Amino acid sequence: MSGKGLDDSAPSAPLFDSDLEQSTRPPDHLGHRKRLRERFLQSGADNLPDYELLELMLFAALPRRDTKPIAKDLLRRFGSFGEVISADPDKLKEISGLGDAGVVALKTAQAAALRLLQTKMREAPVISSWQALIDYCTAQMAYGATEQFRVLYLDRKNKLIADEAQQKGTVDHTPVYPREVVKRALDLNASALIMVHNHPSGDPTPSRADIDMTRKVKDAASAVGLTLYDHLIVARGGHTSFKSQGLL
């Protein structure tokens, strides 16, 4: 073989001034982060689109990444801000670049929102703070991919004693056992209860099975002196109150 090949020890070509400037210039997204933070501090979140709010939430979790494409990918996949932070962690991990740190940031935001809504709901009797209850149940359950059944147990002053998940089911069915609901109410010394479940389909219209189950729980509760105030169905498309619909 000829000895006229490339010499690895030969000096590399000198860098031009533009090359030096490019190698030392910070990534463009760092300037974008600074501007976005300033806009948030000056004007708050009201004027930020969903993707920019998601960007802000991911800044600390992903300090070396451009979070704009990640935020937009999240919205394309899940649809809305609420659906993003409510998404299953395993589904979130499928978004390229998000990683565990990003998932924790998003789920922390959801947990903080739920804690705030729950605090508001506990400050007054549930019956007199109905919108706070709707907001809380919607944030907690409306975006779930499977049905979940929860019961809110109330004391004699209609204040919340406990909010407990009773069952989780499939995309269109959750088994509910009236005896278990009533037994738990007696264990907690509750006087009344409100049932809540979600419809992953997005349509909060009660099914025949929903109506039949509600009547069975009402009868079991009445037998031991408990009041079933309402059964709420929450979904992406809104909510339905059995009481307001004359179904209870």
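Readers should treat all values here as calculations from the given coordinates under stated rules, not as data from a laboratory. These figures come from a predicted structure and were not determined experimentally. When we count neighbours, we look across all protein chains shown, and the Cβ atoms used for this are built from the backbone with ideal geometry, even at glycine.
The label-point distance for Tyr177 and Thr205, in a model that sets each label 7 Å from Cα toward Cβ, rounds to 3.2 nm. When the listed pairs Lys120/Lys216; Lys157/Lys243; Lys93/Lys120 are checked against a 25 Å cut-off, the alpha-carbon distance exceeds it for Lys120/Lys216; Lys93/Lys120. If R0 is taken as 25 Å, the Cβ-Cβ distance between Glu164 and Asp90 corresponds to a FRET efficiency of 0.55. With a ≥ b ≥ c the root eigenvalues of the C-alpha gyration tensor of region 120-203, is it rounded (a/c under 1.5), prolate (a/b larger than b/c) or oblate? Note, shape of region 120-203 comes out oblate.
Per-residue Karplus couplings for region 126-139, computed as 6.51 cos²θ - 1.76 cosθ + 1.60 with θ equal to phi - 60°, are listed in order as 4, 5, 8, 10, 4, 5, 5, 5, 4, 4, 5, 5, 5, 5 Hz, Gly and Pro entered as x. Net length available on complete extension from Leu114 to Lys216 is 33.7 nm, with 0.36 nm assigned per residue and the Cα-Cα distance removed.
In straight-distance terms, cross-link reach from Lys91 covers every one of the lysines whose alpha-carbon lies under 24 Å from its own, apart from those fewer than eight places away in the same chain; here that gives Lys68, Lys72, Lys107, Lys168. Packing, taken as the mean count of other beta carbons within 10 Å per residue, orders the peptides 116-122, 151-157, 53-59 from highest to lowest as 53-59, 151-157, 116-122.
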